[in-house]
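Reviewing the structure listed below.
The values are calculated or read from the model by the stated rules, or taken from the named source; none is laboratory data. If you're wondering where the values come from, they're calculated on a predicted model, not measured in any experiment. Don't worry about glycine lacking a Cβ; one is built from the backbone with ideal geometry, like all the others, and counts go over all protein chains shown. Remember, those area values only see protein heavy atoms, side chains included, never the ligands or the DNA or RNA. Shrake-Rupley method; radii C 1.70, N 1.55, O 1.52, S 1.80 Å.
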2 protein chains.
Amino acid sequence: MRQPAEATLEQEMRRLAEAARGAARLLSYAPTAQKDAALREAAAALATRSRAILEANRADVDAARQAGQGAAFLDRLALDPKRLDGIARALREVASLPDPVGEVTSSWRRPNGLAVKKVRIPLGVVLMVYEARPNVTVDAAALCLKSGNAAILRPGSDALRSSLALSEAFADGLAAAGLPREAAQVVPTPDREATFALLQLDELIDLAIPRGGPSLIRAVAERSRVPVVKHYQGVCHLFLDASAPLDQAVALAMNGKVQRPGVCNALECLLVHRAAAAKLLPPVGRALAAAGVELRCDPTALTLLRRAAVKAVAARPEDYGREFLDKILAVRVVPHLDAALDHIARYGSLHTEAILTRDLPSARRFEREVTASAVMVNASTRFNDGGELGLGAEIGISTTKLHAFGPMGLAELTTQKYVVEGDGHIRS
Amino acid sequence: MRQPAEATLEQEMRRLAEAARGAARLLSYAPTAQKDAALREAAAALATRSRAILEANRADVDAARQAGQGAAFLDRLALDPKRLDGIARALREVASLPDPVGEVTSSWRRPNGLAVKKVRIPLGVVLMVYEARPNVTVDAAALCLKSGNAAILRPGSDALRSSLALSEAFADGLAAAGLPREAAQVVPTPDREATFALLQLDELIDLAIPRGGPSLIRAVAERSRVPVVKHYQGVCHLFLDASAPLDQAVALAMNGKVQRPGVCNALECLLVHRAAAAKLLPPVGRALAAAGVELRCDPTALTLLRRAAVKAVAARPEDYGREFLDKILAVRVVPHLDAALDHIARYGSLHTEAILTRDLPSARRFEREVTASAVMVNASTRFNDGGELGLGAEIGISTTKLHAFGPMGLAELTTQKYVVEGDGHIRS
């Protein structure tokens, strides 16, 4: 008797997850040198297999173009020899990072003589669900491998051919180092239900990381039995305090909004202290408008800007708390720090929040009272990034408070166990 | 027009969670002295309100007895003046613990001069779903308060009256210290659906901690959009290696199984190296049997024990991987360390695993290769406990690898944010 198609997909996903679980047990205590060798061999295999990878990618790009995807999408999807070199270089960089597994993060001795230590161990099996970016396939596989985790990789369907071709190279690297090819598997079907089938397998998969837009994140959070760490949107604010220096105000606003508007740590809303608004807002607004930024303002800001002949429009209520990912900025004048804190508590997305001030008490209150994965004092929101913070490579930026909040590097792909050593100790 | 009953419950739970969220924002930066004052005032209020609490508890106990609950259940449910004193003492102990909030766990300076630090912050709102144990209501509220979190407490319905009475005393303490009473709320209805309504509110609740049996844990994990840290069962093993000393083998097996069989870090399965089984198993089995333990054995162990006139029965397959929580122990002879590791990987529940050995390589392999929240080398499984490990009070023992693995104390009720300070730094 034939199985219905859905049961087959579920069975297939279970087999894939069981293979990952088996690989994870081996990886959990694989020596650092062996994991690093696999990463370097994988980098070499990317060159060996470059023709097949670029061909697969061309097929992905052609299909996406025919499906009507825009230029920015196609650019993120496309590979060329130079980008492939970049991916290989990233693999070698991960190989050169310190291995988090086995690190003793603290240790102490109990009065009864028991020696207690906390030791970093891999999470086990990590399911990564992401957008159509082929490089993420290799980056995520590399970070998972280095941290001793087996990876199940679920790229956006437009990048499936590229990702499968890349994962063959990665698997060659694993095999060359004597590690199981199943340590990093790309889900081989574009069927959306495959993701949901995997998300039911909480006895086999330890963590799901969805990275992408609101609908993807919500669908995963709603339907997952596997613990989820979300890499969600950044609705990032900059608060210009009464004492904010003008030149730095212009610099931080411009850097936050203009340097790279399409990323999650870009600025989406500017809050300005009423006492300094007349001084700060016209020049800041002028610089932004000159760079092509549309300013969506509350009535006070709108009046100030128009009086200074800076182009601006009225904000609608939904412009606050919105991730534009574009050259659009919400602007609001607030009466005091407390109002800025209230605004951020209401509209922020826990990603990145910044203050510009010379006032120490304001800086300390902002630092203490704002909940976000990164709080910036006199620095651009754009610094919330694993590389910029000095963490090494990152798999994304978590907006879930649990487990890892902020850039998720190698350490955040581990957990810790207690190791207790006695000499026949029993509890009385 | 009247709302249907379900919508009303959902609305009620949303209001409760919104009140918790509001309190959480205040708690997140409440000074340590204020939180400690609330805990000490709550301890005093327990005495003031003791008559009402004990009356409510008597009603709970009477109802549970009439509902046919057994003696062990009624004993966990019952309060008396002495137990109430113990609860008050626990509150004062939590007040005396260091405050985890604001702790800088690491800090560094970037080459560009940015100062980066990681700072402990509360999780926000914690939903605790647990069994009918009134003391947990106060313990959990206290640990959440000290760590700056608002608590929503959902006791087993048999303990609802007691828990509500206790939470009034706790709220008195909060109010006396100038903190909102909504910082710790007991869900005021026994309706099971209330839990599931709360578990939908992932924008208001940051963490759900279910503590209890398999059906509760599974129901929560399946229906929650809120991140879940499970406090699940302990299927704990002790492996007696070939070199295990006889006296310590007897002591560890007895301590693990007999001292308190009904707890999660009690021993459920004894594995014995074949090379030492003839020497170790008869005396170990004799001591256990004399203490009333039923030994459920594989054929090899059964033969050895019966030859030594120790009472034992044949194990059924389902006896492995089972949490007996009773004076029952599964026993198995294994040919070597690898077989013990395989058995534990297959049947363990990630809780606590122990080895008894004099052989250093065996100890190190066991320590490295076993995945569990605590790995014991020459020590009883019973030491996996917040107090015994020196962590102070604990809210339970997590068997989820994410966020907190093992005893969950104050630090595990926090997360960390980055605080970055510059002087107008922008990213280039």
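Within a Cβ distance under 15 Å of B:P155, other residues only, what is the Lys/Arg minus Asp/Glu net charge?
Cβ neighbours under 15 Å give a net charge of 0.
Shortest first, in nm, what separates the label point of A:R364 from those of the same position in the other copies (7 Å along Cα→Cβ)?
4.9
For chain A, give me the percentage of DSSP beta bridges that are antiparallel, rounded to the nearest 5 percent. Mind dumping the intermediate values first?
Values: 15 of 53 bridges.
Taking every DSSP beta bridge within chain A, about 30 percent pair in antiparallel fashion.
Compute the orientation-averaged projected area for the protein assembly as shown from the convex hull of its Cα atoms and round it to one decimal in nm².
Numbers: hull surface 159.6 nm².
Over every viewing direction, the Cα hull of the protein assembly as shown projects on average to 39.9 nm².
Based on alpha-carbon centroids, what's the gap between the stretch B:354-397 and the stretch B:154-231 in Å, whole number please?
The two parts, judged by their Cα centres, are 31 Å apart.
If you put +1 on each Lys and Arg Cβ and -1 on each Asp and Glu Cβ, how big is the dipole of the stretch B:236-389 around its Cα centre, in Debye rounded to 20? Don't skip to the end; give the middle numbers.
On the way: 19 positive and 17 negative charges, 108 e Å.
For the stretch B:236-389, the charge dipole is close to 520 debye.
Among bridges DSSP assigns within the protein assembly as shown, what percent are antiparallel (round to 5)?
Numbers: 30 of 116 bridges.
Bridges in the protein assembly as shown are about 25 percent antiparallel.
With just the Cα atoms of the stretch A:159-309, tell me how far they stretch along each of the three principal axes, in Å, largest first.
The Cα atoms of the stretch A:159-309 stretch 66, 34, 26 Å along their principal axes.
Quick one: with label points 7 Å out along Cα→Cβ, list the inter-copy distances for A:G178 in nm, shortest first?
A:G178 label point versus its equivalents elsewhere: 6.5 nm.
Net charge around A:I328, counting only other residues with Cβ within less than 11 Å of its Cβ (Lys, Arg = +1; Asp, Glu = -1)?
Taking every other residue near A:I328 into account, the sum is -1.
What net charge do the residues around A:G173 carry, taking every other residue with its C-beta under 9 Å from that of A:G173, with Lys and Arg at +1 and Asp and Glu at -1? Don't skip to the answer; put the middle values down first.
Details: positive: A:R40; negative: A:E41, A:D172.
Taking every Cβ under 9 Å from that of A:G173, the sum is -1.
Residues of the stretch A:372-389 with accessible area at least 40 Å² lower in the all-protein-chain context than alone (1.4 Å probe)?
Listed in order, they are A:V375, A:V377, A:N378, A:F383, A:E388, A:L389.
So how far, in whole Å, is the C-alpha centre of the stretch A:87-148 from the one of the stretch B:234-264?
The stretch A:87-148 and the stretch B:234-264 have Cα centres spaced 32 Å from each other.
222 nm [θ] for the protein assembly as shown, helices only, -39500 (n - 2.57) per DSSP H run of 4+, per residue, to 500? If you can, show how the numbers build up before the last one.
On the way: 30 runs with 383 residues, N = 856.
-14000 deg cm²/dmol, from helical runs alone.
Let me spell out the model: positive unit charges on the Cβ of Lys and Arg, negative unit charges on the Cβ of Asp and Glu, origin at the Cα centre of chain B. What dipole size does that give, in debye rounded to 20? List each step's numbers first, then the result.
On the way: 54 positive and 48 negative charges, 134 e Å.
So the magnitude is around 640 debye.
Using a label position 7 Å from Cα in the Cα→Cβ direction, what is the ascending list of nm distances from A:E18 to the same site in the other copies?
Inter-copy label distances (nm, one decimal, shortest first): 4.9.
Are there GluC sites (Glu not before Pro) in the stretch A:176-259 that DSSP puts in a loop and that have at most 16 other Cβ atoms within 10 Å, and which ones?
A:E203
May I ask for the Rg/Rh ratio of chain A, computed from Cα atoms with Rh as the Kirkwood radius, given to two decimals? Intermediate values should be presented prior to the final figure.
Working: Rg = 24.3 Å, Rh = 23.5 Å.
Checking Rg against Rh, the ratio lands at 1.03.
Hey, quick one: spin label on B:V263, modelled 7 Å out along Cα-Cβ, who in the stretch B:271-315 has an amide N within reach, i.e. under 15 Å?
Of the residues in the stretch B:271-315, none has backbone N under 15 Å from the label point off B:V263.
If I take all pairs of Cα atoms in the stretch B:221-283, what percentage of them are more than 18 Å from each other? Intermediate values should be presented prior to the final figure.
Values: 927 of 1953 pairs.
Cα-Cα pairs of the stretch B:221-283 separated by over 18 Å account for 47 percent.
Rounded to a whole number, what % of the accessible area of chain A do carbon and sulfur atoms account for, probe 1.4 Å?
51 percent
Taking only protein heavy atoms and a 1.4 Å probe, what accessible area per residue, in Å², does the stretch A:236-389 have with all protein chains in place? Before the final figure, lay out each step's value.
Numbers: 5560 Å² over 154 residues.
Value for the stretch A:236-389: 36 Å² per residue.
Which residue in A is nearest the A/B rotation axis when you measure from the C-beta atom, and what is the distance in Å?
Residue nearest the A-to-B axis, with distance in whole Å: A:H403, 2.
Only Cα pairs under 8 Å and at least 6 apart count here; give the relative contact order of the stretch A:309-428 as a rounded whole percent.
On the way: 113 pairs, mean separation 19.3, N = 120.
Value for the stretch A:309-428: 16 percent.
Just to be sure I understand: if I project the alpha-carbon convex hull of the stretch B:236-389 onto a plane and average over all orientations, what area do I get in nm²? Walk me through the numbers on the way to the answer.
Details: hull surface 30.8 nm².
For the Cα atoms of the stretch B:236-389, the hull's average projected area reads 7.7 nm².
Please give the charge dipole size of the protein assembly as shown, origin at the Cα centre, charges +1 on K and R Cβ atoms and -1 on D and E Cβ atoms. Round to the nearest 20 debye. Working shown, then result.
Numbers: 108 positive and 96 negative charges, 118 e Å.
Dipole magnitude for the protein assembly as shown comes out near 560 debye.
Using protein heavy atoms only (no ligands, DNA or RNA), what is the total accessible area buried between B and A, 1.4 Å probe, nearest 100 Å²?
On the way: alone 19790 and 19800 Å², together 33000 Å².
The contact between A and B buries close to 6600 Å².
For the stretch B:276-347, what are Rg and Dmax over the alpha carbons, in angstrom?
When restricted to the Cα atoms of the stretch B:276-347, Rg and Dmax are 11.9, 32 Å.
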